[in-house]
Amino acid sequence: MNRNILLAFTLLATMSVALSGIAQNQVVSDSNWSALVKTVTLQRGGVELEAPVLTLGDGERLLLRFDVLGAEVRNYRYRIDHCDSRWRKDNLEPYEYINGFEEGAIEGYNSSFTTRTEYVNYHQYIPGQYSQLLASGNYVVTVFDQDEPDSILLTRRFYVTEESLKARIDVTTPYDGASIRERREVDVTLSTNRDYRGDAPTPTLNPAWCEIVLQQNGRVDNLRRLQFSGYEGDALCFRNRQENLFWSGNTFRWFDLSNIRTPMYNVVKIEEYGGEWYAMLKPLEDRSKKNFITEEVLNGGMKVNVWDRTNKQTEADYVWVNFLLPMNYPFLNGNIYVVGDLTLWKLNEESRMEYLPEVKAYRLKLQLKQGYYSYQLLFVPVGEKEGMTSTLEGNHFETPNRYTAYVYYHAPNDRYDRLVALRKSSSRNNP
């Protein structure tokens, strides 16, 4: 009898781990766990280019969209988990962070129409219709197959902020006076939000309990955790440290894939072969020695778009896009990566360009849905984890980067990392 009970508890525990999607203390990232998953977006209110950020108690939701290649419609489910400031699943129970259901079915789907590549477009509002998030902080939504619950399809991260503190971002000249035309200093100041009327306790301005993560555009390789530098009245200042300094990079490269029949901006030609579309981009160039040219782009973002159809979600086709960077000799001390939303901002094999000696060029091939895409080329030296813009992009202080400050708070009696403020800088950061 005891053995049967033990087996039953073991089975329940196994099912719980499978359905939870991610393990306790596992660090999560934005990932597609299947090669069939394409064009995943998670946006506030379903508005394009809106970051996946909710404010606690405002009643807004996020719209999750993704394509799965093939004609078969599958039963997918999602689960919402709460994470700490370093994106590890924490110890909160579902009833502590959500009122309603932390798990549900992906209810919306539509099959592609008149496309060479067949796919099913799925969509779901997060959280569900009868659910409400109760805690601020970092969250992850995991999508898995109902018939194979231990097989994760994708994970996407999002934020819920309290705005119980006020955060100010100042982009200015580097405090050390070095490389002032190539770098910017990004300072953050925290102060009391006297308009806060939320249910969570008002934070105390104690630097030991505050943690600030600073992000440049959507990059994940050069995140900074700022150090407290002093007081300005009763406000907390995080400035004048090496962690505050960022290389400015260059205006993002971009191309327009919205018209298959007539090549658009930075697309040289598009051809059909074997029932699929192939596009060749204008050959890339080393911009590190060129003058800076101001151009409004998406700062690494992407937008699905199709020029001659009415429903871009299901009538936009997929195209194999070839990136080519002519170069007489390869780098022996590092690798080149194509970075932006189109590669989830990751420095991995899917974003790494391969050197082809027969054509004396670096090449990368990606299967992308029709639309607008912006990106940059990062050089990563061997043994390093952070990409460099100086090698192929150049660094110009005029570059319109966007910086985001995530302010976390954890008092001694708190059970989780609260996100008490989230602030974005202007796209223009000239002093």
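Separation of the range 207-228 and the range 367-431, taken as the distance between their Cα centroids, equals 10 angstrom. Spin-label model, GLU148 to GLU398: label points 7 Å out along the Cα-to-beta-carbon direction sit 5.2 nm apart. Using a Gaussian network model of the chain in which every pair of alpha carbons under 10 angstrom is joined by a spring, one finds that among ASN322, ASN217, ASN413 the greatest mean-square fluctuation is at ASN413. Taken as Cα centroids, the range 281-313 and the range 230-271 sit 12 Å apart, rounded to the nearest whole angstrom.
If you take the Cα atoms of the range 18-105, find Rg, then find the Kirkwood Rh from the mean of 1/r over all pairs, what is Rg/Rh? Please list the in-between numbers first.
Details: Rg = 14.4 Å, Rh = 15.0 Å.
A ratio of 0.96.
Between ARG197 and GLU60, the distance separating the two model label sites (each 7 Å from Cα on the Cα→Cβ line) works out to 1.8 nm. Summed over qualifying helices (DSSP H, 4 residues or more, each -39500 (n - 2.57)) and divided by its residue number, the chain shows a 222 nm mean residue ellipticity of -2000 deg cm²/dmol.
Other residues within the sphere of radius under 12 Å centred on the Cβ of TRP307, judged by their own Cβ, net out at -1 (K and R +1, D and E -1).
Which value, in Å², gives the accessible area per residue of the range 226-360 when a 1.4 Å probe is used on the protein heavy atoms?
Accessible area per residue: 53 Å².
Looking at the range 237-380 only, what percent of DSSP beta bridges run antiparallel? Nearest 5 please. If I count the DSSP bridges inside the range 237-380, around 90 percent turn out antiparallel. Here the range 187-250 was treated as a single set of alpha-carbon atoms; its pair distances binned every 5 Å from 0 give 3, 15, 23, 19, 16, 13, 7, 2, 0 percent. Sorted on the mean count of surrounding Cβ atoms within 10 Å across their residues, most packed first, peptides 292-300, 122-130 read 122-130, 292-300. Taking each of LYS38/LYS289; LYS346/LYS424; LYS166/LYS346; LYS166/LYS290 in turn, the alpha-carbon distance tops 28 angstrom for LYS38/LYS289; LYS166/LYS346; LYS166/LYS290.
Accessible surface of the range 217-330, 1.4 Å probe: 50 percent of it comes from carbon and sulfur atoms.
Counting every C-alpha pair in the chain, the share spaced more than 31 angstrom apart comes to 46%. Here the range 48-80 is scanned for amide nitrogen atoms under 17 Å from the site 7 Å beyond the Cα of GLN129 along Cα-to-Cβ, giving 60-64, 78.
At the listed q of 0.13, 0.18, 0.20 Å⁻¹, the Debye profile of the range 113-197, built from one uniform point per Cα, gives log10 I(q)/I(0) equal to -0.80, -0.96, -1.06. Across the range 142-291, Cα-Cα pairs farther apart than 28 Å form 52% of the total.
Over the chain, what is the relative contact order in whole percent, taking alpha-carbon pairs under 8 Å and six or more residues apart?
Once normalised by length, the contact order is 16 percent.
Tell me, what are the semi-axes, in whole angstrom and largest first, of the equivalent ellipsoid of the range 69-166 as set by the roots of 5 times the Cα gyration tensor eigenvalues?
29, 14, 13
A simple count of charges around GLN367, restricted to other residues whose Cβ falls under 10 Å of its Cβ and scoring Lys, Arg +1 and Asp, Glu -1, yields +2. Given in Å, the Rg to one decimal and the Dmax to the nearest whole number for the Cα atoms of the range 277-431 are 18.9, 63. Using the Karplus relation 6.51 cos²θ - 1.76 cosθ + 1.60 with θ = phi - 60°, the per-residue 3J(HN,Hα) values for the range 377-390 come to 9, 10, 9, 10, x, 4, x, 9, 10, 9, x, 10, 8, 5 Hz, with x marking Gly and Pro. Applied to the range 247-262, the Karplus parametrisation 6.51 cos²θ - 1.76 cosθ + 1.60 on θ = phi - 60° returns per-residue 3J(HN,Hα) values of 6, 7, x, 9, 4, 5, 6, 7, 8, 10, 10, 7, 10, 6, 7, 10 Hz, with x for Gly and Pro. Counted residue by residue at 0.36 nm each, then reduced by the alpha carbon distance between them, the extension gain from ASN328 to ASN206 reaches 38.4 nm.
The values are calculated or read from the model by the stated rules, or taken from the named source; none is laboratory data. Source: prediction; values computed, not measured. Heads up, the Cβs are rebuilt from the backbone with ideal geometry, glycines too, and the neighbour counts pull from every protein chain shown. We work out accessible area using only protein heavy atoms, side chains counted, and drop any ligands, DNA or RNA first. Shrake-Rupley method; radii C 1.70, N 1.55, O 1.52, S 1.80 Å.
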